[in-house]
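A short worksheet on the structure shown next.
Since every read-out is calculated from the coordinates, none of them should be taken as a lab result. Quantities reported herein were computed from a predicted structural model and do not represent experimental measurements. No Cβ is skipped: glycine too gets one built from the backbone with ideal geometry, and neighbour counts run over all protein chains shown.
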Amino acid sequence: MAMKTEGSRGRVAEINMTPMIDVLLVLLIIFMVVQQGMQRGLAVQVPPPTRDPISSESDDAIVLQLEASGRYSINSQPVAAGRLRETVAEIYRGRPRKVIFVKGAEDVSYGEVVAVVDVTRRAGVDVVGLVPRAAAVGVR
């Protein structure tokens, strides 16, 4: 803190701002560097709206559906929640191409979809495709 005398007025205290600004800039740089390391995400490849990733032509496409009631089904075959990982691992055991499509119902939360994606990845699936809702891609 610097002090300055001004004749008859007495002493006037002034705060030296330079050290405060230096500390502020150092903290700003630290937070910017730390922020870059904290960024997490999921790499997603979204198909163009006109292309249907699950067409009737591809017989080997495996679709894992999450229903609003909490049930799972793989290609319209019901799967118990406790056996989901084992079932997916069993399906992909002999397949060279390990691609699965995950389709969530309208009322399924984002967390549930991410949990299912994690289960499929732990089961050995290499590529997980998220199927958009029909309304989201302009198809009714």
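List of remarks:
- Amide H contacts for Gly104 (H built 1.01 Å from N in the peptide plane; partners 5 or more residues away or on another chain; cut-off under 5 Å): Leu66, Val131.
- Gained length - Arg71 relative to Glu106, 0.36 nm times residue gap less alpha-carbon distance: 11.2 nm
- Förster-model FRET efficiency, 35 Å R0, Glu14 and Arg40, C-beta, rounded to 0.05: 0.15
- Couplings 3J(HN,Hα) of the stretch 85-99, computed from phi: 5, 5, 5, 5, 4, 5, 5, 8, 4, x, 9, x, 9, 10, 10 Hz, in residue order, whole Hz [Karplus 6.51 cos²θ - 1.76 cosθ + 1.60, θ = phi - 60°; x for Gly and Pro].
- Karplus-derived 3J(HN,Hα), 6.51/-1.76/1.60, for each residue of the stretch 16-21, Hz, glycine and proline x: 7, 7, 4, x, 5, 5
- Anisotropy class of the stretch 64-116 from Cα gyration tensor, a/c 1.5 cut: prolate
- Listed values for the stretch 117-130 are Karplus-derived 3J(HN,Hα) couplings in whole Hz (6.51 cos²θ - 1.76 cosθ + 1.60, θ = phi - 60°), namely 4, 4, 4, 5, 5, 5, 7, x, 6, 8, 10, 10, x, 9, and x replaces Gly and Pro.
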